[in-house]
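The numbers here are math on the coordinates, done by the rules we state, and not lab data. A quick note: this is a predicted structure, and the numbers were derived from the prediction, not measured. Glycine gets a Cβ as well: all are built from the backbone with ideal geometry, and neighbour counts include every protein chain shown.
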Amino acid sequence: VFIPLRGDEWRVFVFVLAFCLCNCFLPSTTIWKQGSTARLQCTVKGSPELHSTWFLNNSELSTGGRHAVGLKDGVATLEIHDVLLTDSGNYTCEVLNECGCESCSIKVTVKGVSKPPSFRKELLSTEAVRGSVAVLECEIAGSAPLEVSWKKNKKRLSSDKKYSIVSQGSLASLEIQSFESADTGEYECVVSNEVGSATSKSVLKQKEPARILEKAASISVTAGDSATLECTVSGSPELKVKWFKDGKEMIGGRKYKIAVKENTAILKILAADKGDTSEYKMEVSNKVGKDECTCSVTVIGRF
């Protein structure tokens, strides 16, 4: 401002106007990953001398440890190394000079390192009894939230009167009510999260009752020779085989050898004598059924 005095004299007043402006070019929210290095920056304008301060949830941050703050060439920066979950919160950049201050804020969410889905315990192929409740179960792992789905022969299943889908903690199970032959097939448990997915498969069969496919034939044997009785059997494991002579269960030892090899039940009399002439019964059983057959052994000559 120029003010005239006497003659050619003027008085000059110079006013210096300071201004301060802070512009934040980050969005209102952002996400950091745990363990990473994160950086926030604000472009600021204003008359010197400018001072910047960063706050996390109203607590001032300063250079040291994992934090580095700075103001250079009109840019206020905050850098955080080895980001922790506790670094989540509201960050504020405050810039001030003699005339006042401006600030901008951003909300930061830190997400933990996500682990892809996996199976601690895979599905096992199994057999079920007709009319029973068949249960398929596995143990899963991975970063939450985990989504679990089940399929039968590639077709997705949903909970209804037939199927009960249960997820409890790390255990995932499928219950099949009133199991029948139509329920046999390949089942899959698919678990997924934001990182990926994993699949475990199982073949479900109907448990077959024990039965005899080929009965033992009655035989004659010369005294002193060995005699062998064989029956072909089938059925779901575990098959139990018993041999009886004159109504009493036989036990393997020096005189008799009892074995099951490749679905063949075998009784071997090592050295037959007159007392081995008798009727023999073989009984095979499992949890679903039982079958039996009889035959005779006749010992002849050389007594």
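Summarising the label geometry, the points placed 7 Å from Cα in the beta-carbon direction at Ser28 and Glu122 lie 5.0 nm from one another.
Highest average first, the peptides 275-285, 243-253 ordered by how many other beta carbon atoms sit within 10 Å of their residues are 275-285, 243-253. Remark: relative contact order (the chain) = 13 percent; criterion is Cα-Cα distance under 8 angstrom and separation of 6 or more residues.
For Lys274 and Ile219, the difference between the fully extended length at 0.36 nm per residue and the C-alpha to C-alpha distance is 18.4 nm. Ordered by the count of other Cβ atoms within 10 Å of each Cβ, fewest first, Cys295, Cys104, Cys42 give Cys295, Cys104, Cys42. For Asp225, the amide hydrogen comes within under 5 Å of the amide hydrogens of Ala272, counting only partners 5 or more places away or on other chains and with H modelled in the peptide plane. With the charge dipole of the chain set up from +1 on Lys and Arg Cβ and -1 on Asp and Glu Cβ about the Cα centre, the Cα lying farthest toward the positive end among the listed residues Gly46, Gly289, Val83 is that of Gly289.
Note on Val195 and Tyr256: the extension gain reaches 15.7 nm, defined as 0.36 nm multiplied by sequence separation minus the Cα-Cα distance. In plain terms, the C-alpha convex hull of the chain casts an average shadow of 29.8 nm² when viewed from every direction.
Net length available on complete extension from Glu49 to Lys162 is 33.1 nm, with 0.36 nm assigned per residue and the Cα-Cα distance removed.
Note on the stretch 90-199: percent of Cα-Cα distances in each 10 Å bin, starting at 0 and stopping at the bin with the largest distance, equals 12, 34, 19, 10, 8, 7, 6, 3, 1.
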